[in-house]
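Accompanying notes for the structure given below.
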Amino acid sequence: MHHNSPYSRAAGAYGSTAAATDQRLLEGQVLLISAQKLENLSLRLRAGENVSLEEIDDTLAHNRKLWQLFLDTTMDPTHLLPQDIRNNVASLAVYVFKRTQEVLIDTVPDKFRVLIDINRNIAAGLMKKQAQAAGPQAAAPMVEKTATDSMA
């Protein structure tokens, strides 16, 4: 993982301030499972397999629902994350939703990569040990607005 990527900064900041270690691990595992489903779908499409539109939609919808849950949770005013990090989670979620729509419109294997990378990088940060999460990366901003905009 590239430690200076916006995803790793986001994961480090989110992982260091989330309330419960168990919750972070669970969220990380769920993101990894979704990333693996997206990657499997991408590989099957690349291999020329005739994947049904229903399966494509179900896989993308699962990931979208996961990010909607993260968005809803972090936008709760009682959430423990600082407001700027919550805003960055929201920006990243909106980017995931936009990219998901693009994949649905033009379903080619390469378009899955950014969704897979986002999930894996955020999961890596969430699943770090508490001591590692409290390191220098934790102070880094989650995702600068310009970084989110440049991913479009």
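The values are calculated or read from the model by the stated rules, or taken from the named source; none is laboratory data. Worth saying up front: this structure is predicted, and the values here are computed from it rather than measured. Ideal geometry is used to build each Cβ from the backbone, glycine not excepted, and the neighbour counts take in all protein chains shown.
Checking each residue in the range 101-111 for being crowded, with 17+ Cβ neighbours inside 10 Å and either closer than 18 Å to Glu54 by Cβ or modelled with pLDDT of 95 or more (or both) picks out Val103, Thr107.
Taking (1) modelled with pLDDT of 85 or more; (2) in contact with a Phe, Trp or Tyr (Cβ under 8 Å, 6 or more places away or on another chain) in turn, Val94 satisfies each apart from (2).
Let me confirm something: among Arg44, Arg120, which residue is crowded, with 17+ Cβ neighbours inside 10 Å and not aliphatic (A, V, I, L, M)?
Working: Arg44 fails: crowded, with 17+ Cβ neighbours inside 10 Å.
Residue meeting the stated conditions: Arg120.
Taking first residues from the range 27-43 that are modelled with pLDDT of 95 or more and polar (S, T, N, Q) and partners that are buried (at least 22 other Cβ atoms within 10 Å of the Cβ) and assigned to a helix (DSSP H, G or I), the Cβ contacts under 7 Å between residues at least 6 apart in sequence or on separate chains come to Ser34/Asn63; Ser34/Asn119; Ser42/Phe112. Residues that are buried (at least 20 other Cβ atoms within 10 Å of the Cβ) and either among the hydrophobic types (A, V, I, L, M, F, W, C) or more than 14 Å from Leu38 (Cα to Cα) (or both) within the range 52-69 comprise Leu60, Trp67, listed in sequence order. Taking the stated definitions as given, is Ala138 among the small types (Gly, Ala, Ser), closer than 14 Å to Leu31 by Cα and either at pLDDT below 90 or crowded, with 17+ Cβ neighbours inside 10 Å (or both)? Here the answer is no, as Ala138 does not meet what is asked.
Restricted to the range 112-124, and to residues that are in contact with a Ser or Thr (Cβ under 6 Å, 6 or more places away or on another chain) and not aromatic (Phe, Trp, Tyr), which residue is modelled with the lowest pLDDT? If you could, list the steps in order and put the result at the bottom.
Step one: of the range 112-124, the residues in contact with a Ser or Thr (Cβ under 6 Å, 6 or more places away or on another chain) are 112, 119, 121.
So of that shortlist, the ones also not aromatic (Phe, Trp, Tyr) come out as 119, 121.
Values: Asn119: 94, Asn121: 90.
Here the residue is Asn121.
Selection within the range 19-77: residues that are assigned to a helix (DSSP H, G or I) and acidic (Asp, Glu). The member of this set that is farthest from Thr107 (Cα to Cα) is Asp22.
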